[in-house]
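Contents: one structure, followed by commentary.
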């Protein structure tokens, strides 16, 4: 699985949210720096070539949908980020967020409970 550009990730997040969409529907969801229709269409086709997107054809029009789940993409790239930025240590990652005050003690307790009881549903 290849790493996506920022714009490709933005488009994938839109497709994950919408489940399926035509290029015009994707374009309508982009609020800042909206690309031209043809540019967006090219990006979506590139995503299809990379295996992230598939389509259903309706004549000359294509309705696109994600071929990769958000969960699968997140899992792959969170592992890469942890390897690259935290020396492959989840402890280093969690302590980084704690030091930056991005995670609370209550959230850490919830995480600990998930670790101690992995089969319990939250």
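Since every read-out is calculated from the coordinates, none of them should be taken as a lab result. Values in this document were obtained by computation on a predicted structure and should not be read as measured data. Cβ atoms come from the backbone with ideal geometry, glycine included; neighbour counts cover every protein chain shown.
With angles folded into 0 to 90 degrees, how steeply does helix 37-49 sit against the dominant principal axis of the chain? Use alpha carbons for both and round to 10. So the inclination is approximately 60 degrees.
Segment residue 116..residue 102, full-extension length gain: 2.8 nm, with 0.36 nm per residue of separation and the alpha-carbon distance subtracted.
Above 19 Å lies some portion of the pair distances; for the chain, what is it as a whole percent of all C-alpha pairs?
I get 60 percent for the Cα pairs in the chain exceeding 19 Å.
Using the Cβ-Cβ distance between residue 20 and residue 74 with R0 = 22 Å, the FRET efficiency computed as 1/(1 + (r/R0)^6) comes to roughly 0.65.
Centroid-to-centroid, using Cα positions, the range 21-87 and the range 101-120 are 32 Å apart.
Dividing the summed helix terms, -39500 (n - 2.57) for each DSSP H run of n ≥ 4, by the number of residues in the chain produces a 222 nm estimate of -18000 deg cm²/dmol to the nearest 500.
Spin-label pair residue 85-residue 65: with each label point 7 Å from Cα along the Cα-Cβ axis, the two points sit 3.3 nm from one another. Against the chain, whose longest principal axis is taken from its Cα atoms, helix 105-116 shows a tilt of about 90°.
The angle between the Cα long axis of helix 90-99 and the longest principal axis of the Cα atoms of the chain comes to about 80 degrees, rounded to the nearest 10. Computed from the alpha carbon atoms alone, the convex hull of the range 11-59 holds 81 Å³ per residue.
Over the range 65-104, the fraction of Cα-Cα pairs per 10 Å bin, rounded to whole percents and listed from the shortest bin up, is 28, 40, 24, 7.
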